[in-house]
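The values are calculated or read from the model by the stated rules, or taken from the named source; none is laboratory data. Every value quoted in this text rests on a predicted model; they were computed, and no experiment measured them. Using ideal geometry, Cβ is built from the backbone for each residue, glycine included, and neighbour counts are taken over all protein chains shown.
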Amino acid sequence: DFIKEVSGFSVLEQQLKEILHVDHVIVVPGNSDELDWVKQEMGKASVNYLKTILKANQTIAVTGGTSMAAVAEVMLPLDQASNCMFVPARGGLGERMENQANTICAEMAKKANGQYRLLHVPDPLSEESYQMIIGEPSVGEILELIRDAHVVIHGIGDALTMAQRRKTSLDNTKKIINGHAVSEAFGYYFDKDGKVVHKVRTVGLQLEDLHQSKCVIAVAGGESKAKAIYSYFKQGKSNVLITDEGAANKLARDI
Ligand code: BG6
């Protein structure tokens, strides 16, 4: 056990728990900014963690992004959690197909031997269409599944990187810049104190839905994401962080 303690990242994990006020932290070796396979290692750690917490018939809400795509890539049958249901956390956020929550959620379900339901909502949504779509019974049914999800697994992005990747409108980009947004998750943009400065209008999981009774797992790594991770955890809605050495070292040293 002693060998395991010194060879692993338990000291770093403990430090991060204190810095971020989070219940559980897993650090994998490497820096995903530099090496692509490090994301897959975070993916494997995520799958292992899911195996320890998921029970039969539970619902898992997943976001989009390359980190979640890596989790889907290495997903394995979740035998002890039979008949699990995967749903996208939120509707369209302007991501390309392979990074969309719908795509990722279907792949995860297939590999986990689970079920899935998708949300087909165009983005960006006008207020009028938004109201109309949430009024649709078929959408309402999925939204209920999402709201009641037992486990939420999501990425955390750097605010400006995400705004650019999503081809955000000029007005909203200004809002994000002027609000000094640092991080992004679920289509919400947060400043350094964790305050929401902008929110993409789409259906699905709202920040208020992330309450105590859920297990909310953030998967984010790379030295370049350290500031974003710190900012996101300021509002303390997630209880687990799965990250890499690159982000963890930066968080422990510089923030
Ligand atoms: C988005 C998620 O799709 O991906 C966000 O909705 C997350 O929650 C972002 O911040 C992160 O993307 P990546 O590619 O850095 O994992």
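Suppose we filter region 231-250 for residues that are in a helix (DSSP H, G or I) and either closer than 17 Å to W37 by Cβ or touching a strand residue (DSSP E or B) at 6+ places or on another chain (Cβ under 8 Å) (or both); how many remain?
Within region 231-250, the subset in a helix (DSSP H, G or I) is 231-233, 245-250.
From what is left, the residues that are either closer than 17 Å to W37 by Cβ or touching a strand residue (DSSP E or B) at 6+ places or on another chain (Cβ under 8 Å) (or both) are 231-233, 245-248.
Going through region 231-250 one residue at a time, the tally reaches 7.
Here is a yes/no grid of residues against (1) more than 20 Å from L93 (Cβ to Cβ); (2) surrounded by fewer than 19 Cβ atoms within 10 Å (Cβ to Cβ):
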{"site": "N172", "(1), (2)": "no, yes"}
{"site": "I177", "(1), (2)": "no, yes"}
{"site": "H198", "(1), (2)": "no, no"}
{"site": "V203", "(1), (2)": "no, no"}
{"site": "S213", "(1), (2)": "yes, yes"}
{"site": "V219", "(1), (2)": "no, no"}
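Here are A247, A181, A252, A163: which of them is within 16 Å of the ligand (Cβ to nearest atom) and under 30 Å from I53 (Cα atoms)? Steps first, please.
Working: A181 fails: under 30 Å from I53 (Cα atoms); A252 fails: within 16 Å of the ligand (Cβ to nearest atom); A163 fails: under 30 Å from I53 (Cα atoms).
Only one candidate qualifies: A247.
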Residues located in region 221-235, provided they are within 13 Å of G246 (Cα to Cα) and surrounded by fewer than 20 Cβ atoms within 10 Å (Cβ to Cβ): E223, S224, K227
Residues (more than 15 Å from the ligand (Cβ to nearest atom) and either hydroxyl-bearing (S, T, Y) or crowded, with 20+ Cβ neighbours inside 10 Å (or both)) located in region 96-122: A109, A112, G114, Y116
Long-range neighbours under 6 Å by Cβ, at least six apart or interchain, first residue without any contact (Cβ under 8 Å) to a residue 60 or more places away in the chain within region 131-158, second among the hydrophobic types (A, V, I, L, M, F, W, C) and crowded, with 20+ Cβ neighbours inside 10 Å: I142/L119
Top-ranked residue of region 209-244 - restricted to ones that are among the polar types (S, T, N, Q) and under 15 Å from the mean Cα position of the chain (by Cα), ranked as farthest from the ligand (Cβ to nearest atom): N239
Identity of the residue in region 6-39, surrounded by fewer than 19 Cβ atoms within 10 Å (Cβ to Cβ), of a type in the set (S, T, N, Q) and modelled with pLDDT of 95 or more, that ends up nearest to the chain's Cα centre (by Cα): N31
Counted residues, region 39-95 - those being part of a loop (DSSP other than H, G, I, E, B), of a type in the set (A, V, I, L, M, F, W, C), out of contact with any Leu (no Cβ under 6 Å at 6 or more places or on another chain) and within 16 Å of the ligand (Cβ to nearest atom): 3
